[in-house]
1. Would you kindly state how much longer the chain becomes between Glu101 and Gln264 on full extension, computed as 0.36 nm times their sequence separation minus their alpha carbon distance, in nm to one decimal?
2. Could you tell me whether region 485-574 comes out rounded, prolate or oblate from its Cα gyration tensor? Rule is a ≥ b ≥ c as square roots of the eigenvalues, rounded for a/c under 1.5, then prolate if a/b exceeds b/c, otherwise oblate.
3. Taking the Cα centroid of region 603-644 and of region 507-574, what is the distance between the two, rounded to the nearest whole Å?
4. I'd like to check one number: the per residue accessible area of region 422-513, probe 1.4 Å, reported in Å² as a whole number.
5. Measuring from label point to label point, each 7 Å out along Cα→Cβ, what is the Ala225 to Leu649 span in nm?
6. For a quick protection proxy, order the peptides 522-530, 449-457 by their average other-Cβ count within 10 Å, most packed first.
7. Label points 7 Å out from Cα along the Cβ direction at His550 and Thr479: separation in nm?
8. Rank-order 493-501, 403-411 by packing density, defined as the average count of other C-beta atoms within 10 Å over each peptide's residues, highest first.
Amino acid sequence: MVSKRRLSKSEDKESLIEDASKARKQPLSKKTKKSHVHNEVEENDSVFVKLLKTSGVILKTGESQNQLTVDQVVFQKKLFQTLRKHPSYPNIIEEFVSGLESHIEDQDSFRNCLLSCERLQDEEASIGTSYSKSLIKLLLGIDILQPAIIKTLFEKLPEFLFENVNSDGLNMPRLIISQLKWLDRIVDGKDLTTKLMQLISIAPLYLQHDFITSLPEILGDSQHADVGKELSDLLTENTPLTVPILDVLSSLRLDPKLLSQVRQLVMGKLLSVKLDDLPVIIKFILHSVTAADALEVISELREKLDLQHCILPSRLQASQSKLKNKGQQSSSGNQENSSQDCVILLFDVIKSAVRYEKIISEAWIKAIESTASVSEHKTFDLAMLLIIYSTNTQTKKYIERVLRNKIRSGCFQEQLLQSTFYIHYLVLKDICPSILSLAQSLLHSLDQSIILFGSLLYKYAFKFFDTYCQQEVVGALVTHICSGNEAEVDTALDVLLELVVLNLTAMRLNAVFVKGILDYLDNMSPQQIRKLFYILSTLAFSKQHEASSHIQDDMHLVIRKQLSSTIFRYKLIGIIGAVTMAGIMAADRSRSSNLTQGRTDLSNEQYTQVTSLLQLVHSCSEQSPQASALYYDEFANLIQGGKLAPKAL
C-alpha cells in the first residue's frame with residue numbers, strides 16, 4: 001500500500017471523506033474480519049510477524065496484550081537493523097507495512113496494537129522506563145517506518161469517526177491520535193500537519209475539539225507556523241471551535257503579526273461570547289500582548305469586557321429559578337456555581353498575567369488612569385486596581401496615587417464601590433488582606449473624601465466577606481481606635497457603629513476585640529467615649545446569652561472603677577459610660593429596631609439593675625457640682641431622645 005501514488009491534498013481529503021462515509025454505512029460485522037480464537041499467539045509466515053518475533057514482540061489474538069520479550073529500546077534497535085540490513089531493502093518496508101495492514105484488519109488485533117504491550121523481560125534488566133508503549137507507538141519511533149505507519153493510521157482512522165464508543169469504553173479515534181503524541185522525532189512534519197488538518201475538517205465536533213487540543217503534543221516547533229496559519233483560517237470559518245483553537249494558539253510559538261491578526265478577530269467577537277469561553281479567550285489575548293501594543297490592547301479589552309452583564313444575569317436567573325422551584329433547587333444551584341467557577345477561572349487568568357507580565361499590569365493601570373469621564377468607569381476597573389494592588393508589590397504606590405486622584409475627582413464613589421463588592425465578592429475575598437492594607441493606608445490621609453472611601457472598604461469587606469475576613473476587619477478598626485490619632489479614632493468608631501447596625505450577629509462574634517478598647521479610654525474625647533459605650537452596650541445587651549455576659553461584667557467593672565475615682569477626667573468616663581449603658585438596657589422594646597431584635601420586655605430584675613446603676617452614678621457625682629452637671633446633662637439628653645421604655649422612666 002505504500003507504493004500507491006502519492007495523493008494531492010484535495011484528493012487525499014476527498015478520499016478521507018469517502019472512507020468516513022463508507023465506514024458510517026457499513027455495519028461493524030462487515031468492517032472487521034471474524035476475530036481470531038482468544039488468547040492465541042499469531043502464527044503465520046508473513047514477513048511482518050516473523051520480523052517482530054525475531055526482534056522481540058509476540059503478537060497475540062483476541063483480547064490478550066501483545067507481548068514484549070526485550071526492552072523497548074532494544075526492540076526498536078533490532079527491528080531497525082534487521083530491516084536496514086535485509087537483502088531486499090527498501091522493498092522489505094513495503095512488505096512489512098502490508099503485513100501490518102493485513103493484521104489490523106481485524107478490530108481486536110488493531111486494538112491490541114494500539115494498547116500497551118505486556119512486558120515479559122525482568123524489570124531489573126529493563127534499561128528504559130517502567131511504562132510500556134503500544135506496538136504502533138514503538139514502530140512510529142523507527143524513522144524508516146514512521147511515514148508509512150502514519151499513512152496507514154490515517155487511512156484506517158475514518159472507519160471509526162462516526163462509531164460509538166466500544167463496549168470496552170475505548171474511543172478508537174482518540175486512541176489512534178494518542179499514538180502520535182510525544183514522539184521523539186517526526187520525519188515528515190509538513191505531511192503530518194496536512195493530514196491532521198484534513199482529518200479535523202471532516203471529524204465530528206467533539207472529536208475536532210480533541211484533535212485540535214492534541215496538536216501541541218504531536219507537532220514539533222518547526223510545524224508551529226504552518227499549523228498556526230491553518231488554525232487561524234479555521235477560526236474564521238468555525239465559531240464553535242474558538243476555545244480549543246485559541247487554547248492551542250496560546251501554546252504555540254507563532255509570528256507576532258499572525259497573533260495580532262487572530263487577536264483582532266477574537267476581540268471583535270468578545271461581546272457575543274459565552275461566560276464559559278471567556279477564560280481561554282482572555283488568556284489568548286493577554287498572551288499575545290507586546291510592549292508596543294499593550295496599552296492599546298488593554299484599553300480595548302477594558303471597554304469590551306463587561307463582566308457585569310455576564311455575571312448579574314446568571315445570578316439573577318439562578319435566584320429566580322430558586323424561587324420558582326423551591327423543591328428542585330439543584331439545577332439553579334449548579335447553574336450559579338458554574339458561572340461562579342467561570343468568573344473565578346477568568347480572574348485567575350488575569351491575576352497570573354498581571355503578576356508575571358509587568359507590561360500588562362502597567363498598561364492596565366494606565367488605561368484606567370487615562371479614563372476621564374465618571375460614567376465610563378466600571379466595577380471591573382475598581383476590581384482590577386484591587387487585584388493588581390494585591391499581586392504586584394512594585395505598583396502599590398502607583399495604584400494608591402491613581403485611586404486617590406479618582407476619589408478626589410469623583411470618579412470612584414460609594415455606589416461604584418458597593419457594586420464592585422456585590423458583583424466581584426468571590427474574587428475580592430481572596431485578596432482581603434490587601435484590601436484591608438489599602439483601607440488602612442487611605443485612613444491615614446488628610447483628605448476627608450479619601451478617608452471616607454477607606455472606611456467604606458472596611459464596611460463592604462465586612463458585609464460581603466466570610467467570618468475570617470470579618471474578624472480581620474474588626475481587628476484593623478480596633479487598631480485604628482487604639483492608635484490615638486483623633487481623625488482615625490472617629491472614623492473607625494463610626495465604621496464599627498455602622499457594622500453593629502449592618503450585622504449585629506456577626507459583630508457579636510467579634511465583641512471580644514471591641515472590648516479590648518476599654519484599656520485605651522484615657523485619650524478619648526467625650527463623644528468618642530459615648531460612641532464606644534453605645535457599641536459595647538448594644539453588643540452586650542441586645543440579646544441575653546452567655547457570650548455577652550462577660551462583656552457586661554467588664555463594662556460594670558470599668559464604670560464602677562471610673563466613678564469611684566476622685567479625678568474628674570476618669571469620673572467623666574464613668575458617668576458617660578453608665579448613662580449610655582442604662583439607655584441601651586432600658587430601651588423601649590415596643591419599637592421595632594435592628595438593634596433590639598430577639599429581645600423581650602425587661603423583667604423587674606432588669607429594671608432594678610438600671611435604676612441601681614443610675615443611683616450609683618448619682619451618689620458618686622453628688623459631691624462634685626461639675627460631675628453632677630454632667631450627669632444631669634447626659635441623663636436629660638437620654639430622656640429627650642425618647643427611646644426609654646415608659647416603665648423605666
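1. Details: separation 163, 0.36 × 163 = 58.68 nm, distance 4.63 nm.
Taking 0.36 nm per residue and subtracting the Cα distance, the gain is 54.0 nm.
2. Details: a/c = 2.46, a/b = 1.25, b/c = 1.98.
Since a/c reaches 1.5 but b/c is at least a/b, the shape of region 485-574 is classed as oblate.
3. Result: 16 Å between the Cα centres.
4. Details: 3500 Å² over 92 residues.
That works out to 38 Å² for each residue.
5. Between Ala225 and Leu649, the simple spin-label model gives 9.1 nm.
6. Numbers: 522-530: 14.9, 449-457: 20.3.
Packing order, densest peptide first, comes out as 449-457, 522-530.
7. With each label point 7 Å from Cα toward Cβ, the separation is 2.3 nm.
8. Working: 493-501: 20.1, 403-411: 16.7.
Result, highest mean first: 493-501, 403-411.
The values are calculated or read from the model by the stated rules, or taken from the named source; none is laboratory data. All values reported here derive from a predicted model rather than from experimental measurement. With ideal geometry, Cβ positions are generated from the backbone for all residues, glycine too; neighbour counts draw on all protein chains shown. Just so you know, the surface numbers come from the protein's heavy atoms only, side chains and all, with ligands and any DNA or RNA stripped out. Shrake-Rupley method; radii C 1.70, N 1.55, O 1.52, S 1.80 Å.
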